[in-house]
Amino acid sequence: MTRKSSWDEKKITSHLQQLPPVKDRRSKEEVFQAVQQKLEERETEDRGSLVGKKKSGWLLPAIASTAAVLLLLILLPSFLNNQQHLTSDSGGEQEASMENRTNEVNILMEDGEAGAVEEDADEAADNEEAADHSGEMNVTVQAETVLVPIPHTEQVEAAATVNPRTFVKREPLEMSEETGETLEEMLVYVLTSDQFGTADIFQGLQTVAFDEGDKAATLDFTEENRLESLAGDEYQQAYGTIVEVFSSYGLEEVRLTVNGEADVTFGPEGQLEKIELLPDNRGYYLYKAADGNRYFLRGAVVGEQIGDHSDTLFTFAETLEKMRSVRPDAWYDSAIPESVEFAEVVVDGDYATVELAPDSSFADDEQFRLMVSAIQLAASDFPLNYIEFEGAAVEQMTMNDVLYEQVEHLRLFD
Amino acid sequence: MGEEFERLYETYHHTLFQYLFYMVRNREIAEELVQEVYIKVLHSYQSFQGKSSEKTWLYSVAKHVGIDWIRSQTRKKRKWEGKQFEWSEREFEIQDHSPLPEEILVQKDEIQQIYQTLKMCTEDQQQVIILRYIQMLSISETADVLGWTESKVKTTQHRAIKALKQHLENSYKYSVKEVSE
């Protein structure tokens, strides 16, 4: 059996606060004497160094010249390497396409605007810190684990009818030959793998391609697809999966093609070229399945209000306030307990602080965790990278006065 | 005894000493450096413009004194060893071979472990951890001392805790491996 380290962030911060106070053992007089003595020594040294300066007038120009030569020596190989990179990048077209996709994901990560690659986020952060010290440019790192939306469909009873509803769970998936080496390949894997329950309906899916200009994705199938024969629940599952998975990326539409031709019959819809998505979203809500599992769903897909009456999308603070209540006829719940109120929600750049009102409380740890997760998801529809939770209720749940959470993004082209 | 010195000593001495101690991890060096802080502060007190509070100004002087010393040691060490070390390799520095300070030695193992692992964080991460968790400065005071935005303090703090966790887990794995071998 493997033993696990017991360190978590709460414990670390609590232990840091327990590091002992360290006092100077000297008396005030002793410190004063030492300071006086040092001042006197310094004055003597200063007088000495003034004499020395006259003799070494040549030193500064000599150092400057040496530094200039060294700088040239450092910069030249790096410049030559960059040139080589550009040449190899412009190789075969097919290769370039795959490389570009990977680089695009990474670039988004490094800008801190989108975070589809979990492990890269930390590495990029470290590089950023290293760059602070060295003044060097950040170097693109290869992605290994990508956060992908995994669809899950449940039979949901709402308004006296039972219908399939699709939710997505964001999970890290390791890049490999089997799962794919680009985001597009990984999405084909997610939709067609037996592991995730949509293999039958997406049979024959051969490629997924993104079009940044149109904020669209094209799903290309082989002739052996089952799209035409989809009916009833299967059709609804296929439709819901496409809408939920690709809306998560902030896309506006999905185009369906067979071997590149836009001639697809999509179940009872008949001839269909594209499916409109719901890229704009504000807020996440909670559904508890019969087996006790809980799923988050986007406010946009269940018709919750996502903006004001002039169609301006809610701010982050407004979104959290909206998330506290759901439509009266809803089959899902708010992830924010009634016993919780927000004292203040402040956004500063990519950082949001959510302060809970002093009398807020949580029934248990799970209730607290669900609220934090829902707010993290809601934050991913904004250019936020970190959320800080504050308040007495937070302290009670975490044994710490603040809780920091990183926001994981899927949106591609914002 | 100078009035100004006496006032500064009474108000800030132990706080500044502790800050320098956790930065350089050596009592004798912290004693030297805190004197250096007084010299700088007493020399330049008239130039203190009151843009920040006196407390954060003193901290920022102490920070510069501490960092200058650390960097001078790193340069010496590099020269001595004749090769280039990265900042993250500070665990190889001379002062880190000294025994654990008495105050830390009497603490439970996990606290000692935190103290030992802290030195593996980057310079910025250590600064934020010391100021926020040991000196108990607010985000805004820490930002003032370091000359950063509050947002940068928060981000670095978050990353620092994550880094610390990673280092602690790595040393745990290493120790488990050693035991099993």
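The values are calculated or read from the model by the stated rules, or taken from the named source; none is laboratory data. From a predicted model like this one, the values you see are computed outputs, not experimental measurements. Glycine gets a Cβ as well: all are built from the backbone with ideal geometry, and neighbour counts include every protein chain shown.
Has the stretch B:133-153 got at least one residue that is out of contact with any strand residue (DSSP E or B) (no Cβ under 8 Å at 6 or more places or on another chain), of a type in the set (Gly, Ala, Ser) and part of a helix (DSSP H, G or I)? Yes, some residue in the stretch B:133-153 is out of contact with any strand residue (DSSP E or B) (no Cβ under 8 Å at 6 or more places or on another chain), of a type in the set (Gly, Ala, Ser) and part of a helix (DSSP H, G or I). For the stretch B:23-41, a residue qualifies if it is buried (at least 23 other Cβ atoms within 10 Å of the Cβ) and at the interface with chain A (Cβ under 7 Å from one of its Cβ atoms), and the qualifying residues are B:34, B:38. Looking for something at pLDDT 95 or above and not hydroxyl-bearing (Ser, Thr, Tyr) - is there at least one such residue anywhere in the stretch A:163-172? Within the stretch A:163-172, not a single residue is at pLDDT 95 or above and not hydroxyl-bearing (Ser, Thr, Tyr).
Count of the stretch A:145-179 residues, restricted to those that are more than 30 Å from residue A:329 (Cα to Cα) and either more than 20 Å from the chain's Cα centre (by Cα) or of a type in the set (S, T, N, Q) (or both), is 5.
Of the set (1) at positive phi; (2) touching a Pro at 6+ places or on another chain (Cβ under 6 Å); (3) of a type in the set (Gly, Ala, Ser), all apply to residue A:270 but (2). Here residue B:171 fulfils each of the conditions (1) assigned to a helix (DSSP H, G or I); (2) more than 10 Å from chain A (Cβ to nearest Cβ); (3) touching a residue at least 40 places away in the same chain (Cβ under 8 Å) apart from (2). Would you please name the residue that is surrounded by the most Cβ atoms within 10 Å (Cβ to Cβ), looking only at residues in the stretch A:242-273 that are modelled with pLDDT of 90 or more and of a type in the set (Asp, Glu)? Checked the stretch A:242-273; the qualifying residue surrounded by the most Cβ atoms within 10 Å (Cβ to Cβ) is A:244. In a residue-by-residue description of the stretch A:220-231, the property of being without any contact (Cβ under 8 Å) to a residue 40 or more places away in the chain and within 26 Å of residue A:172 (Cβ to Cβ) applies to no position. Applying the criterion of being under 21 Å from residue A:261 (Cα atoms) and over 22 Å from the mean Cα position of the chain (by Cα) to the residues of the stretch A:186-212, the residue that is surrounded by the most Cβ atoms within 10 Å (Cβ to Cβ) is A:201. Residues in the stretch A:343-372 that are among the aliphatic types (A, V, I, L, M), under 21 Å from residue A:285 (Cβ atoms) and touching a helix residue (DSSP H, G or I) at 6+ places or on another chain (Cβ under 8 Å): A:345, A:352, A:354, A:356.
Scanning the stretch A:316-341 for residues that are under 24 Å from residue A:161 (Cα atoms), of a type in the set (Ser, Thr, Tyr) and surrounded by fewer than 18 Cβ atoms within 10 Å (Cβ to Cβ) yields a single hit, A:325. Filtering the stretch A:310-365 to residues that are among the hydroxyl-bearing types (Ser, Thr, Tyr), in contact with a Ser or Thr (Cβ under 8 Å, 6 or more places away or on another chain) and either within 14 Å of another protein chain (Cβ to nearest Cβ) or in contact (Cβ under 8 Å) with a residue 24 or more places away in the chain (or both) leaves A:334, A:339, A:351, A:360, A:361.
Within the stretch A:1-42, work out how many residues are more than 7 Å from every other protein chain (Cβ to nearest Cβ), at pLDDT below 85 and part of a loop (DSSP other than H, G, I, E, B). Qualifying residue count for the region: 4.
Being assigned to a helix (DSSP H, G or I), modelled with pLDDT under 90 and among the charged types (D, E, K, R) is a property that holds for residue B:79.
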